[in-house]
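Everything on this sheet refers to the single structure shown next.
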């Protein structure tokens, strides 16, 4: 069994973010980076699935700058077998479709049995790349996966999906398939010293694609900090009962929560 796990490098959640000069993205020149949170859980599930089966290969893949290689090295130290680095210095300018198509072209010949992605990235948070990738590869997909029945693996895979309002759904998927993994599905392992040493000998294949331009591709027009405004309105003119009536009316007509 071959499992490909898509991983992304994002800004550290504790980093102080500043808008870049071109106002198209954040200034990443002096901030620390980390692995996208839900991608870490996707890797953990892939490793556990391989261990449950007792054989197989876990391949990690990222699209990004040279600095994104640290994400791959960390994944290799945790137990992944090899890596694919799709080099692109302007990944933040690409739409989810462009990203998915570029990744699809790079991994199609791998003929993976399973592809795991995080539910969404911590920076752009589109939550679309995995779904579009499944469509381009013509394989079924499941979103917001919160549990995987590793004992069910026999040509298909039984998974648990999160639905709205606290509901969930168990469903069996024929392989190959793509799953987008929710954060918190399991406990992520740390890289051991042995794993870190072994990672130095593992393959990282670099791919330099030609990203096509699409007339319908979305683009970021401007990134900016939210404007802070404060406005106070006195309801009822000192009369509590009248103020309560006006408040209920505003919640109905303006806020629309009632």
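Determine the distance separating the Cα centre of segment 109-137 from the Cα centre of segment 11-43; give it in Å without decimals.
Their Cα centres are 20 Å away from one another.
Which of the peptides 231-240, 121-130 is most tightly packed, and how do the rest follow, judged by the mean count of other Cβ atoms within 10 Å per residue?
121-130, 231-240
Once both axes come from the Cα atoms, what is the angle between helix 37-53 and the longest principal axis of the chain, in degrees from 0 to 90, rounded to 10?
For helix 37-53, the angle is close to 40 degrees.
So for each of 241-252, 101-112 I average, over its residues, the number of other beta carbons within 10 Å; can you give me the resulting order with the highest mean first?
Descending packing order for the listed peptides: 101-112, 241-252.
Pick from 120, 169, 34: which is most flexible by mean-square fluctuation in a GNM of the chain where alpha carbon atoms under 10 Å apart are linked?
Looking only at 120, 169, 34, the largest GNM fluctuation is found for 169.
For residue 232 and residue 163, what is the calculated FRET efficiency with R₀ set at 45 Å and r taken between the beta-carbons, to the nearest 0.05?
0.65
In whole angstrom, note down how far apart the Cα centers of segment 158-183 and segment 220-240 are.
Measuring centre to centre over Cα atoms gives 40 Å.
Once both labels are modelled 7 Å past Cα along the beta-carbon direction, what's the residue 247-residue 110 spacing in nm?
Rounded to a tenth, the inter-label distance reads 5.5 nm.
Report relative contact order for segment 2-207 in percent, whole number only (criteria: Cα-Cα under 8 Å, sequence separation at least 6).
26 percent.
Kindly put 41, 168, 190 in sequence by how many other C-beta atoms sit within 10 Å of each C-beta, fewest to most.
In increasing order of surrounding Cβ atoms, one gets 190, 168, 41.
Using a 10 angstrom cutoff on alpha carbons, build the Gaussian network for the chain and name the most mobile of 227, 76, 114.
Checking each option, the largest mean-square fluctuation is seen for 227.
Could you check the simple spin-label distance between residue 31 and residue 70, using points 7 Å along Cα→Cβ, in nm with one decimal?
So the label points at residue 31 and residue 70 sit 1.4 nm apart.
Highest GNM mean-square fluctuation, the chain, Cα pairs closer than 10 Å: which of 58, 223, 145?
Most flexible of the set in this elastic network: 223.
As a check on your grasp of the helix formula, calculate [θ] at 222 nm for the chain: sum -39500 (n - 2.57) over DSSP H runs of n ≥ 4, divide by the residue count, round to the nearest 500.
The per-residue figure over the chain is -7500 deg cm²/dmol.
Throughout, read-outs are computed from the coordinates displayed, never taken from laboratory work. Being a predicted model, the structure only gives us computed values, none of them experimental. FYI the Cβ positions are ideal-geometry reconstructions off the backbone, even for glycines, and counts take in every protein chain you see.
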